[in-house]
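Inspection log for the structure reproduced underneath, given as structure tokens.
The values are calculated or read from the model by the stated rules, or taken from the named source; none is laboratory data. Since we're looking at a predicted model, the values are computed, not measured. Note that we place each Cβ from the backbone using ideal geometry, even for glycine, and neighbour counts take in every protein chain shown. We work out accessible area using only protein heavy atoms, side chains counted, and drop any ligands, DNA or RNA first. Shrake-Rupley method; radii C 1.70, N 1.55, O 1.52, S 1.80 Å.
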Amino acid sequence: MSYHIVNIDTPEAYITCRHGQLVCDDGCGKTNQLPLEDVCAIIVTSFSSTVHSRLLNEAASLGVSIIFCEKFKPQSILMPANRITDTVLAKSFIEIPRCEIESYWDKTIDAKCDNQLAVASLVAPKSPKLENIKSVCQRKTALKESQCARYYWEIFGEGICREGFSRGDDSFPENSLLDFAYTVLSAIVMQKLFGYGLDASYGIAHSVRERSAPLAYDLMEPFRPYIDYCVFRWIEQNALFGAVCVDGQFKRFLMNSIIQKVPYMGRDIEFKRVIDESIRSFRSAVKRKDLTLYNPWTLKNSKWAG
């Protein structure tokens, strides 16, 4: 079963596939390899790597996604053509009334906001703004997501001791950690979507645009706060020892965090498996036209220590 997420960040790297092995030559005489069937996704953040067409074909046959990034943000996502869409499922999705589509999004955002509140309480437990975000989480308004996000990132900034922290400001090095972590998250979500025959180009809220995957961006929303908390813990443990940057140690820490167990539907299971089951529940809800079957991950009413 595929479980590795491989990041290629070495300049001048040459990546190919030989005898079923993902092979990466760093250009300095060092070669690493891994069974391609054990790979979930390949994330290329190197600005000058070379990818052989054989790898593209072999990855497609095994359902492995390949994501090319610029400044740790996804710019291009490659997936196998024969895994793109379950036509019966696509028809069911298209036939969902607009009002029900909005209900899917409301359920997704409620989970995200609840998770943001849980993480904010861990990041800065004494922040006076916790009451603000708690109040927003209890509302049912069109602006719920944006209002919650505003308080959430202010509290996150307090937690990492960064006054004026903003997710849109690249001058804060912590954003590079978040960008990379979200890229890993999107890789997992994309792989699961295509694995279940869900067409990522048709979303429930995010706008369709060139080279985008709206449904992946939609369904990954409830998982973002967990990723934020992983980044927070890394900063908390390592900020005093040097510059905050995306390095090998951070990547290993993040990959270990993804296989940590978290509560979901009364069980403690690996975070990566939670993503799988949440997306499977979305698929079931769409196919059976029953919103109650969709169970986005939430930390609400769970004893979670991070």
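Taking the condition hydroxyl-bearing (Ser, Thr, Tyr) and buried (at least 17 other Cβ atoms within 10 Å of the Cβ), does Thr141 pass? For Thr141, the condition - hydroxyl-bearing (Ser, Thr, Tyr) and buried (at least 17 other Cβ atoms within 10 Å of the Cβ) - is not met. Considering the range 259-273, and only residues there that are in contact (Cβ under 8 Å) with a residue 40 or more places away in the chain and in a helix (DSSP H, G or I), the residue that is nearest to Gly197 (Cα to Cα) turns out to be Lys272.
Residues checked against (1) assigned to a helix (DSSP H, G or I); (2) at pLDDT 80 or above; (3) surrounded by fewer than 16 Cβ atoms within 10 Å (Cβ to Cβ):
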position: Gly27; (1), (2), (3): no, no, yes
position: Ile42; (1), (2), (3): no, yes, no
position: Leu55; (1), (2), (3): yes, yes, no
position: Ile67; (1), (2), (3): no, yes, no
position: Ala90; (1), (2), (3): yes, no, no
position: Ile96; (1), (2), (3): no, yes, no
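If you check Glu277, Glu270 for being surrounded by 14 or more Cβ atoms within 10 Å (Cβ to Cβ), among the charged types (D, E, K, R) and either modelled with pLDDT of 90 or more or under 13 Å from the mean Cα position of the chain (by Cα) (or both), only one passes: Glu277. Among the residues of the range 98-117, just one is open to solvent by 10 Å² or more (accessible area, probe 1.4 Å) and over 24 Å from Leu293 (Cβ atoms), namely Leu117. Scanning the range 118-153 for residues that are in a loop (DSSP other than H, G, I, E, B) and either in contact (Cβ under 8 Å) with a residue 24 or more places away in the chain or in contact with a strand residue (DSSP E or B) (Cβ under 9 Å, 6 or more places away or on another chain) (or both) yields Ala124, Ser127, Lys129, Lys140.
For the range 161-196, the set of residues classified as within 18 Å of Asn115 (Cβ to Cβ) and open to solvent by less than 30 Å² (accessible area, probe 1.4 Å) consists of Leu178, Ala181, Tyr182, Val184, Leu185, Ser186, Ile188, Val189, listed by residue number.
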